[in-house]
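Participant: Take this structure, written in structure tokens, and hold onto it; I'll ask about it next.
The values are calculated or read from the model by the stated rules, or taken from the named source; none is laboratory data. No experiment lies behind these values; they were computed from the predicted model shown. Don't worry about glycine lacking a Cβ; one is built from the backbone with ideal geometry, like all the others, and counts go over all protein chains shown. When the accessible area is computed, the model is the full protein with side chains, heavy atoms only, and any ligands, DNA or RNA have been set aside. Shrake-Rupley method; radii C 1.70, N 1.55, O 1.52, S 1.80 Å.
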Amino acid sequence: MKYRRNVFDKLNTFLFGKDLRITEGERYTDERDFDYSSYLPLKKYIFPVDEPTENAFYITDFGAKANDKNADNTEAINRCIEFCSENGGGFVIVKGGSFKSRTVVMKSNVTLFICYDSELIADESGNGFENMAFIYAKDCENIAITGGGTINGNGHFFGRKPLFDKNLTEPAEVIDVIQMRRDYRAQLRFAHPSKYGRLICFEDCENISFDNIILKDSPSWTLKLTRCKKADIKNTVINDNRHVCNTDGIDLMQTSDVNINHCFILSADDGIVLKNAVWDNCFDEMKNIFISDCEVISCTNAFKIGTETTHPIKNVAVENCRFFMTDLYPGSVSGISIESVDGSEVSDIKIKNIEMNRCSCPVFIRLGNRNRASKVNNQSSWAVEFGKKARGKGVADKKQFDMKGSVHDILIENIKAEDIELPVIIAGFRQKGKTKRVKNITLKNFDLKYRNAREIIDRRLFIPEYSREYPECWRFRNLPAYALWARHAENINIENFSCSPAPNTWKKEKIFKDVL
């Protein structure tokens, strides 16, 4: 087993940023071993309840047919929803088995009640879907989805065959971040052009509720709320195929006043993520997000703020959660990721009482200057994820968001993490002769345990800024610190912070570069 890179290996590291992506081939529809987690605690989150009897409207009364593979129940379901809304609102009941459909459009004052052991399932052809969603709502109020049943997106039908023939389950003998990233991407089902969009997408809605519902096998982002207000998400299970590319769990975009409580999320991409980008038609701040008592299994970042973010995100609290990975390798990229690389101000973030297992990097705090709004629009930002070609120019002038981002006033405390493979990373940047620092960060009561394995020796004369690159802890490779690595930061407070020693003696415990 190799512990040190030879000359050829070092030359190959220059290709680390090259994106491994399968762009040709037919749809690959097989479900493989370990696509889903062996741990799926449905009974902990989902329970049978009596169906409503007042203001109840059954989709079968409007012509929907259960358990018929040739049926298209789209029209029947949507007529039932519209009739319910026009007659004072109430409950649209899905009962009696599996109902195949294309885009279901929610209306105001409607609760979609999917009975326990019943489901809405997306047409596997991918044809005839509207608004890039299976369940869609626009300009609605007082809408809910509940009942204990399932919304099944058939997401595994819309990708291409991965590079690897089977999923990896055994940890590598040597911790090598470059190989880790390649192994992760080689297991992904990258998008086929037939991919129809997200499982659930609500836009400009208010007073939203998800309670006692299973969201399964999304083809892309699972639950996306854009420019919404007042959302309550609880007792919700997201059970996605862990290798369908770009299947985030919950995405909030310019959405404020949100409570996410007692949810189980299994995703191939980010578990819970907050974004606020102008190219996704977000134009104002988002705030007041409270997340608690959730279990998240993510192949990338269990909880993340940022990446696609140009407008402010503030007043966010996360507590009493568990972030982990089961029976797959690599583990999660990071447990907690707080980023601003496209111009956003990210501030007033409080995270506490988090347990992690097999999250490579426990905490990643990153300020950069990718300035993506000057390069992409809504179509081009999504094109590659749906197997299409990008068109058009950026939505913003190069100067509008350039060097405007900031990350400050972050408190993270009571963190216990096992089997980590990277240190906590705090990184601002230096670009165009100017330094932008992450500021006012407190890390308190950290108990970190490194994975018991050798690490590849990756000494470098300097570590690049990567300020214009996609923000990801893996980008920094095997860093020369095992507990904490900080650069371009100001007012970093560390209290009661411990980490078991890294397996290699070439690493220091903590490294601070240009920290004031």
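Participant: How big is the gap, in Å, between the Cα center of the stretch 269-337 and the Cα center of the stretch 428-463?
Facilitator: 20
Participant: Round to a whole number: what % of the accessible area of the stretch 31-113 belongs to carbon and sulfur, probe 1.4 Å? Walk me through the numbers before you get to the answer.
Facilitator: Values: 2070 of 4440 Å².
Carbon and sulfur together cover 47 percent of it.
Participant: Tell me which of I145, F164, A502 sits at the most positive position along the dipole axis of the chain, charges placed on C-beta atoms (Lys, Arg +1; Asp, Glu -1).
Facilitator: With unit charges placed on the Cβ atoms, the residue in question is A502.
Participant: Okay, next question. Between N87 and E490, what is the FRET efficiency for a Förster distance of 45 Å, r being their Cβ-Cβ separation, to the nearest 0.05?
Facilitator: Working: r = 59 Å, r/R0 = 1.32.
Efficiency at R0 = 45 Å is approximately 0.15.
Participant: Report, in debye and to the nearest 20, how large the dipole of the chain comes out about its Cα centre when Lys and Arg carry +1 and Asp and Glu carry -1 on their Cβ. All intermediate terms of the calculation are to be shown ahead of the outcome.
Facilitator: On the way: 74 positive and 72 negative charges, 581 e Å.
Using Cβ point charges on Lys, Arg, Asp and Glu, the chain gives about 2800 debye.
Participant: Using the Karplus equation 6.51 cos²θ - 1.76 cosθ + 1.60 (θ = phi - 60°), what ³J(HN,Hα) coupling, rounded to whole Hz, does each residue of the stretch 404-417 give in order, writing x for Gly and Pro?
Facilitator: Each residue of the stretch 404-417 in turn: 9, x, 7, 9, 7, 6, 10, 10, 10, 9, 6, 10, 10, 10 Hz.
Participant: Let me ask something additional. Please state the charge dipole magnitude for the stretch 337-479, taken about the Cα centre, from unit charges on C-beta atoms (+1 on K and R, -1 on D and E), reported in debye and rounded to the nearest 20. Write down the numbers at each step before the final one.
Facilitator: Values: 30 positive and 19 negative charges, 156 e Å.
Value, rounded to 20: 740 debye.
Participant: Hey, any idea what the orientation-averaged projected area of the convex hull of the chain's Cα atoms comes to, in nm²?
Facilitator: 22.7
Participant: Report the gain in length on full extension from K404 to D165: 0.36 nm times residue separation, minus Cα-Cα distance, nm rounded to one decimal.
Facilitator: Length gained, K404 through D165: 81.6 nm.
Participant: Let me ask something additional. Amide H of M106: which non-local residues (sequence gap of 5 or more, or other chain) have their own amide H closer than 5 Å, using H built in the peptide plane?
Facilitator: Amide H neighbours of M106: Y136, A137.
Participant: Could you sort 466-479, 33-46, 396-409, 341-354 so that the peptide with the highest average Cβ count within 10 Å comes first and the rest follow in order?
Facilitator: Top to bottom by mean Cβ count within 10 Å: 341-354, 466-479, 396-409, 33-46.
Participant: Here is a follow-up. Taking K and R as +1 and D and E as -1, what net charge do the other residues with C-beta under 13 Å from the C-beta of C115 add up to?
Facilitator: Values: positive: K95; negative: D50, E51, D117, E119.
After counting each charged neighbour, the total is -3.
Participant: Can you give the Rg to Rh ratio for the stretch 393-453, taking only C-alpha atoms and Rh from Kirkwood?
Facilitator: 1.14
Participant: Towards the positive end of the charge dipole of the stretch 394-516, with charges on Cβ (+1 Lys, Arg; -1 Asp, Glu), say which of F429, V407, I457 has the farthest Cα.
Facilitator: F429
Participant: Continuing with this model, one more query. Can you give the relative contact order of the stretch 283-369 as a percent, counting alpha carbon pairs under 8 Å and 6+ residues apart?
Facilitator: 33
Participant: What is the spin-label model distance, in nm, from K508 to A453 if the labels are put 7 Å beyond Cα along the C-beta direction?
Facilitator: Rounded to a tenth, the inter-label distance reads 2.6 nm.
Participant: Once Lys and Arg get +1 and Asp and Glu get -1 on their Cβ, which of V237, H488, C359 lies farthest toward the positive end of the dipole of the chain?
Facilitator: Of the options given, the answer is H488.
Participant: Using a 7 Å offset from the Cα along the Cα-to-Cβ direction at both K388 and N414, what is the distance between the two label points in nm, to one decimal?
Facilitator: It is 4.6 nm.
Participant: Then there's this: Using Cα positions and a limit of under 24 Å, work out the lysines in reach of K398, with same-chain residues fewer than 8 apart set aside.
Facilitator: Within the straight-line cut-off, K398 pairs with K275, K375, K389, K432, K434, K436.
Participant: Let me make sure I get this right: for the stretch 312-377, a, b and c are the square roots of the gyration tensor eigenvalues over alpha carbons, sorted descending. Under 1.5 in a/c it's rounded, otherwise prolate if a/b > b/c, else oblate. Which is it?
Facilitator: Here the stretch 312-377 falls in the oblate category.
Participant: Can you pull the three principal axis extents for the Cα set of the stretch 420-495, in Å, largest first?
Facilitator: Extents along the principal axes: 40, 29, 21 Å.
Participant: Mean residue ellipticity at 222 nm from the helices of the chain, using -39,500 (n - 2.57) per DSSP H segment of n ≥ 4 over the full residue count, to the nearest 500 deg cm²/dmol?
Facilitator: It lands at -2000 deg cm²/dmol.
Participant: Let me ask you something else. Could you estimate the translational diffusion coefficient of the stretch 123-224 from the Stokes-Einstein equation, with Rh from the Kirkwood formula over C-alpha pairs, at 25 °C and 0.890 mPa s, in whole µm²/s?
Facilitator: Values: Rh = 15.9 Å.
Taking Rh from Cα pairs, D becomes 154 µm²/s.
Participant: Using label points projected 7 Å from each Cα along Cα→Cβ, tell me how many nm separate K432 and L20, to one decimal.
Facilitator: Modelled inter-label distance: 3.5 nm.
Participant: Using modelled amide H (1.01 Å from N, peptide plane; none on Pro or chain starts), what sits under 5 Å from the amide H of S500, excluding residues fewer than 5 places away?
Facilitator: Under 5 Å from the amide H of S500 lie the amide H atoms of L448, K449, Y450, each far enough along the sequence or on another chain.
Participant: Hey, what do the phi angles of the stretch 339-356 turn into as Karplus ³J(HN,Hα) couplings, whole Hz, using 6.51/-1.76/1.60 and θ = phi - 60°, x for Gly and Pro?
Facilitator: 3J(HN,Hα) across the stretch 339-356, in whole Hz: 9, 9, 10, 10, x, 7, 9, 10, 8, 6, 10, 10, 10, 8, 6, 10, 9, 10.
Participant: Determine the gain in length on full extension of the stretch F283-D139; use 0.36 nm per residue of separation and subtract their C-alpha separation, reporting nm with one decimal. Intermediate results must be reported in sequence, preceding the final value.
Facilitator: On the way: separation 144, 0.36 × 144 = 51.84 nm, distance 1.66 nm.
Fully extending the segment from F283 to D139 adds 50.2 nm.
Participant: Please report the net charge: other residues with Cβ closer than 12 Å to the Cβ of T442, K and R +1, D and E -1.
Facilitator: Numbers: positive: K350, K352, K439, K444; negative: D409, E413, E495.
Summing Lys/Arg as +1 and Asp/Glu as -1 gives +1.
Participant: Let me ask something else about it. Quick one: accessible area per residue over the chain, 1.4 Å probe, rounded to a whole number of Å²?
Facilitator: 39
Participant: Tell me, rounded to the nearest percent, the portion of alpha carbon pairs in the stretch 339-418 spaced more than 14 Å apart.
Facilitator: 71
Participant: How large, in percent, is the carbon and sulfur part of the accessible surface of the stretch 306-457 at a probe radius of 1.4 Å?
Facilitator: That fraction is 44 percent.
Participant: Another question about this same structure. Send over the per residue convex hull volume for the stretch 202-244, Cα only, as a whole number of Å³.
Facilitator: Cα convex hull per residue, to the nearest whole number: 63 Å³.
Participant: Please list the non-local residues whose amide H lies under 5 Å from the amide H of F57, H modeled 1.01 Å from N, same-chain partners needing a gap of 5 or more.
Facilitator: F91, V92, I93
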